[in-house]
Ligand code: F6P
């Protein structure tokens, strides 16, 4: 019987539980044994009861739950070789040779590195006397499959990451609530949303809520953004709009890569336009809560496909990541997806904003 483990890593995202549930149940349905690794890579490094066999009933009720019920961590020790050695030993001791990781690009890169180092890690463990040749013989290769769980929707090669639509939905709900006060008092609100290097949440929520102005890292505003923003907002107010909404991504920058802060926008709106202005940073409210229907569906289909990918893996083929492209669940080469993902922050760092936008456009149109 194949023994397949699942873990969630990095920032939690709504829908991760659906992915874990689907992996466990699909694995069992296909005649395999399933394992939870608790607390992300931390659990793999520490072993013991952080790695537990998962039965069909163990994932009952997982679908509507937010966060990740098996725990997650931004694990430092797995970045070190000693951590990966310990993780490899725990995999062998538990008879596990396939790992499905649900996380962001950093977590998936770690998984692929683990796979590349795999036979070497085992040989080193034998050399150190921590495992015997007999113990490692059945574990010649390791299967890794990635699932992208992140609210940021910052991974190339997939149209949507698990969690991004739940987060977008929550942001819209929060902005609607804020808008009640804005409307009542004719106020201006600056709402900061998450997204690290990726402006997807900010852009999509700005469109969905009818924001007046938007700041995203991939496409900083013109050098005259203060004048542009004032002109637009003044025009909207003159047209009879009682509210003003500015959405700013947490990673917003200007053309010189200087951080644009909600505070400086507030000063401008208050002092120049004389608007009664408030700042709301949504923070982790936008990451938690029940997954929306789309994330339940996406995580279930992708979790099941991840098990298929493990069972159909061929020796020497690159690790896949499970994506959704034009509504189809597909497998893509994991490291190529990571490479493309990292091109955007690199373009931003080089102030090549046209390239950053071109890459983002390509992500959503290819
Ligand atoms: O990657 C998901 C994310 O929520 C980002 O949008 C945000 O920048 C980051 O995680 C926050 O991380 P933490 O919860 O560790 O503060």
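Can you put 348, 322 in order of Cβ neighbours within 10 angstrom, beginning with the fewest?
Details: 348 21, 322 27.
With the sparsest Cβ surroundings first, the list reads 348, 322.
Let me make sure I get this right: for segment 312-366, a, b and c are the square roots of the gyration tensor eigenvalues over alpha carbons, sorted descending. Under 1.5 in a/c it's rounded, otherwise prolate if a/b > b/c, else oblate. Which is it? Could the numbers behind the result be given before it?
Details: a/c = 4.71, a/b = 1.78, b/c = 2.65.
Here segment 312-366 falls in the oblate category.
Working ranking of peptides 131-139, 31-39 by packing, defined as the average number of other Cβ atoms within 10 Å per residue, highest first, is 31-39, 131-139. Length, then width, then depth: along the principal axes, the Cα atoms of segment 2-46 run 30, 26, 8 Å. Report the FRET efficiency, 1/(1 + (r/R0)^6), for residue 308 and residue 355, where r is their Cβ-Cβ distance and R0 is 41 Å, rounded to 0.05. That pair, residue 308 with residue 355, gives E of 0.70. Peptides 115-126, 86-97, 223-234 ranked from most to least packed, by the mean per-residue count of other Cβ atoms within 10 Å: 86-97, 115-126, 223-234.
Report the gain in length on full extension from residue 254 to residue 177: 0.36 nm times residue separation, minus Cα-Cα distance, nm rounded to one decimal.
Details: separation 77, 0.36 × 77 = 27.72 nm, distance 2.90 nm.
Separation in residues times 0.36 nm, less the Cα-Cα distance, equals 24.8 nm.
The long axis of helix 225-238 is offset from the longest Cα principal axis of the chain by roughly 60 degrees. The separation of segment 293-366 from segment 51-95, counted between C-alpha centres, amounts to 22 Å. Calculated on C-alpha atoms, the gyration radius of segment 192-293 divided by its Kirkwood radius gives an Rg/Rh of 0.97.
In terms of other Cβ atoms within 10 Å, 165, 294, 41 run from fewest to most in the order 294, 165, 41.
Please work out the Kirkwood hydrodynamic radius for segment 149-242, using every pair of different C-alpha atoms, and report it in angstroms with one decimal place.
Numbers: mean 1/r = 0.0687 Å⁻¹.
Computed over Cα pairs of segment 149-242, the Kirkwood hydrodynamic radius comes out at 14.5 Å.
Quick one: work out the % antiparallel among DSSP beta bridges in segment 1-128, nearest 5.
The answer is about 30 percent antiparallel.
Against the chain, whose longest principal axis comes from its Cα atoms, helix 353-365 is set at around 60 degrees. For segment 266-366, what does the alpha-carbon gyration tensor say about shape, rounded, prolate or oblate, given a ≥ b ≥ c as the root eigenvalues, a/c under 1.5 as rounded, and a/b over b/c as prolate? Here segment 266-366 falls in the oblate category.
When a/c reaches 1.5 or more, the comparison of a/b and b/c decides; with that in mind, is segment 1-129 rounded, prolate or oblate per its Cα gyration tensor? Oblate, since a/c reaches 1.5 and b/c is not below a/b.
Each residue in 70, 325, 51, 151 was given a count of other beta-carbon atoms within 10 angstrom of its own, and listing them fewest first yields 325, 51, 70, 151.
On full extension of the chain, what length is gained from residue 55 through residue 222, given 0.36 nm per residue of separation minus the C-alpha to C-alpha distance? Could you put the intermediate results ahead of the total?
Values: separation 167, 0.36 × 167 = 60.12 nm, distance 5.55 nm.
My answer for the length gained is 54.6 nm.
With 10 Å bins beginning at zero, the pair-distance distribution over Cα atoms of the chain amounts to 5, 24, 29, 21, 13, 6, 2, 0 %. DSSP beta bridges confined to the chain are antiparallel in about 25 percent of cases.
If a spin label sat at a point 7 angstrom from the Cα of residue 128 along the line to its beta carbon, the backbone N atoms of segment 26-58 nearer than 14 Å would be those of 45-47.
Read-outs: derived from the displayed coordinates by stated rules, not from any lab. Since the model is a prediction, treat every value here as computed from it, not as a measurement. No Cβ is skipped: glycine too gets one built from the backbone with ideal geometry, and neighbour counts run over all protein chains shown.
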